[in-house]
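J.: What follows is a single structure, and I will ask about it in a moment.
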Amino acid sequence: DRVASARPSVLHLLISGPLLNRGTEICAALRDRVLDQPDAKVIIWTYAGSFNLTHSSPADKDNLRELVDSFSPRVKIVETTLKAGSWLCSPPRPFWGNACPTA
């Protein structure tokens, strides 16, 4: 709620694992609270490691795909990985550094 009420023009969302049956809720919140602004954009960063978004339920993946398809090009998904040994804001920092704050 706090993020949505700030009315971001670009929201970076980091998903580091499966959606755990919350895809409908997450996508509805993005649609109704962020993407309701005509110029708002969402960049979803996903983890490319061994336990990731692909382990989400088919319904979660369908919800995410529908969100991207409905709001393209305003919603993008980027699959990425962290540097070995990195942990959020502790060195070594994720490769995106300050471009996608994680704290």
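The values are calculated or read from the model by the stated rules, or taken from the named source; none is laboratory data. All values derive from a computational prediction rather than experimental measurement. Please note: Cβ atoms are built from the backbone with ideal geometry, for glycine as well, and neighbour counts cover all protein chains shown. These accessible areas exclude ligands, DNA and RNA; they are computed on the full protein's heavy atoms, side chains included. Shrake-Rupley method; radii C 1.70, N 1.55, O 1.52, S 1.80 Å.
One line per residue, one yes/no per condition, for (1) within 23 Å of Asp1 (Cβ to Cβ); (2) among the aromatic types (Phe, Trp, Tyr):
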position	(1), (2)
Cys27	yes, no
Asp36	yes, no
Phe51	no, yes
Pro58	no, no
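J.: Considering each residue of the range 57-79, count those that are hydroxyl-bearing (Ser, Thr, Tyr) and within 15 Å of Leu14 (Cα to Cα), and give that number.
T.: Number satisfying all stated conditions: 0.
J.: Residue by residue through the range 54-83, note down the ones that are in a loop (DSSP other than H, G, I, E, B) and closer than 21 Å to Asp32 by Cβ.
T.: Those that are in a loop (DSSP other than H, G, I, E, B) and closer than 21 Å to Asp32 by Cβ: Ser56, Ser72, Pro73, Arg74.
J.: With the checklist (1) farther than 15 Å from Asp62 by Cβ; (2) modelled with pLDDT under 95; (3) not acidic (Asp, Glu) in hand, flag the one item Asn21 doesn't pass.
T.: With (1) farther than 15 Å from Asp62 by Cβ; (2) modelled with pLDDT under 95; (3) not acidic (Asp, Glu) applied to Asn21, the lone miss is (1).
J.: Mind listing just one residue for me: the one in the range 7-46 that is part of a loop (DSSP other than H, G, I, E, B) and of a type in the set (D, E, K, R) and, of those, surrounded by the most Cβ atoms within 10 Å (Cβ to Cβ)?
T.: Arg22
J.: Search the range 23-58 for residues being among the basic types (Lys, Arg) and in contact with a helix residue (DSSP H, G or I) (Cβ under 7 Å, 6 or more places away or on another chain), and hand back the single one that is farthest from Lys76 (Cα to Cα).
T.: Arg33
J.: Give me a count of the residues in the range 60-69 that are open to solvent by 60 Å² or more (accessible area, probe 1.4 Å) and in contact with a helix residue (DSSP H, G or I) (Cβ under 8 Å, 6 or more places away or on another chain).
T.: Count: 3.
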